1. Using DSSP to define loop residues, name the trypsin sites (Lys or Arg not before Pro) in the range 262-361 whose beta-carbon has at most 12 other beta-carbon atoms within 10 Å.
2. From the P(r) of the range 169-219, can you give the percent of Cα pairs sitting at distances over 18 Å?
3. Report the normalised scattering of the range 209-350 as log10 I(q)/I(0) at q = 0.16 Å⁻¹, calculated by the Debye formula with identical scatterers on the alpha carbons.
4. Take the alpha-carbon centre of the range 46-95, take the same for the range 181-196, and report the distance between them in whole Å.
5. Under the definition of Cα pairs under 8 Å and six or more residues apart, what whole-number percent is the relative contact order of the range 7-78?
6. How much of the pair distance distribution for the range 135-239 lies past 20 Å, counting alpha-carbon pairs only, in percent?
7. Any of LYS411/LYS483; LYS124/LYS195; LYS287/LYS483 with alpha carbons more than 26 Å apart? Name them for me.
8. With 22 Å as the cut-off, how large is the P(r) tail for the range 211-286, expressed as percent of Cα-Cα pairs?
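Read-outs throughout are calculated quantities, based only on the coordinates presented, and are distinct from any laboratory measurement. The structure displayed is predicted, hence computed values, not measured ones. Methodologically, a virtual Cβ is constructed for each residue, glycine included, from the backbone with ideal geometry; neighbour enumeration extends over all protein chains shown.
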Amino acid sequence: MFDGARTARVREVSGSLAVAEVDSLFRTSLRPFESVRVGKDWLIGEVLEIRDAEIVIQLYENAAGLSVGEEVLFTGEGLSVDLGPGFLGEAVNALGFSFGRAGETDLYLERGFRSRPAAPRAEKQWHFRPSAREGDRTGPGGVLGTAAEGHFFHRVMVPPCVTVPPSHAPARVAWIAPEGDYTARETVCRLSDGKELSMTQRWEIRVPRPVRRRLSPDGPFVTGQSALDALFPLALGGTAVLSGEPGTGKTLLLQSLARCRGADAVVCVLCGERGTEAAEVLEELSKTMDSRGESQARFSLMDRTALIVSTSDMPLATREASVCLGMTLAEYYRDMGYDAAVLIDSASRCAEALAETGARLRGRDCPEYGVSRLSACFGRAGRAEVLRGASPEGAFPEGASPEGASPEGMKRGSVTLIGTESEPRGSALSPLNAPGAFWRLDRRSARACRFPALDLSLSYSLYGKIFPEEAGEDWPKLTEYLKDTLRHAVPDAFPKREWSLFLANTLDAVFMRQEAGSFRSAAYSAALLRFLKALDEAARKALSSAGRRYADVAVCAALPELLALRGLSEKDFADGSREWLERFVSRLESLPAEFSVPETLLTEGAP
């Protein structure tokens, strides 16, 4: 990997930046962001800027002990990572080195950054099950087999960099390893051109992984937060910004979004967090059970989550590297045919670190330096038709998908991006200036212990026509009903009837608010809205009768009982909502005027 003739010597060290003198003979062969190894400890860095007779090197590891005159070796490649099984369920740093699992990681994160953590997944064996046969045609992205990674099936693929032979004849599988246990670096396949493949792919983190073609977002990404899914939905493969001042609950909401059932794999990137906070996040994800189906309830949420940590005591440049690594890892899962989600906390803190690096290079404040680099990285999100070898038939032999996924479904994947930021919209340090969904959190709502503390006047979504099928065909009408009703809660538009204001406050308390960390499916959110709409229709008919007063009807619709009903599980909600409506009708009938609720009103309230 190293070229002994392409070396340099360290001339100056300043924090995480180093300046090295280069020979003019090979200076022209250098490229920005080329990876280097510096000093006797082989510290990892990259070429940040090329000048006349020197280069500026960004170090990604602790530079303590590095002295002037030590050697710099050039690798000839950009900052790269070995992609393969083992990332899910672990915490890694910005370079892809593993911290370990929960319990082993806490002490490391609390004590701070060390030079190079252990990488236990390099020695771990994975059970490989071949799906390709000898003689099968294949190519970039072709599926060779699977490796069970907990309940996640890791698809072993031909790397995108494998080229088709010059004769344009499709590559063929000359040898495939039998089913068994192998390390990630052991050869499991040999192609007809002699190239040997393992379960590991090496890839530069700043280079987008290729796809067959890009697809427009056409499906919903269910966040599990009723307020977001109903009013400001996010599309599968879309981008969203979670914005708010410190203390508004951005991190807490982001952790709740990690429970989303719409993502097969979640990549959580923590930029600039303290080590203790990162350890708490890891512990919380490990204790939380994955609720995507009863058969998977025994697995923790961390088993489908990769945690990338760049703590506040690490070099500032590791924050941008951690984001690039997160996007690369998500693209890797996308290429397997999965839907991946990238959660970044926080994007603005990463932009600040890059802006400071740019200022040190140019001697002036230049926030656009970091924002442009991050924006290019965030642009890698989206849905795509992935590479699948020389032919679909050769890529998907019988039994290629032990988990039952169809070959057609394995041809498409997505990367959905959700990032937090503390900067106001339009700020020079806002790397996501054109997101598909913008969720603004309000400080006053947060102080009132409201979760999520959404600011309805500033939040928006460009994916309004996308809705989940499980919510039912009436979901668009239900969301329009919710929007119209909530408008009555604004003081400037005080309703003509007191009941309208009461209903708006009821919808806000029962539907819009959730317990932190809870998840509501789209079907459950739709059922809750149908129930509240049935309540509204029954109450308005009662108020239209002579002698009925708002205060009497409001007492019948006891808010504490509604809040208790909200806490029922999806299974119990059908019976609970029906019983509550029956009691409500009974109370209305005891009022002075005669009133009866149609039977259809009760059936609409059931999920």
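1. On the way: sites: ARG274, LYS287, ARG292, ARG298, ARG304, ARG319, ARG334, ARG349, ARG360; in loops: ARG274, ARG292, ARG298.
Listed in order of number, the matching sites are ARG298.
2. Details: 712 of 1275 pairs.
Value for the range 169-219: 56 percent of Cα pairs lie more than 18 Å apart.
3. For the requested q values the scattering log ratios are -0.92.
4. 28 Å
5. On the way: 162 pairs, mean separation 29.0, N = 72.
40 percent.
6. On the way: 3071 of 5460 pairs.
Of all Cα-Cα distances in the range 135-239, 56 percent exceed 20 Å.
7. Working: LYS411/LYS483 37 Å; LYS124/LYS195 24 Å; LYS287/LYS483 36 Å.
With Cα atoms farther than 26 Å apart: LYS411/LYS483; LYS287/LYS483.
8. Values: 939 of 2850 pairs.
Looking at the range 211-286, the distances longer than 22 Å represent 33 percent of pairs.
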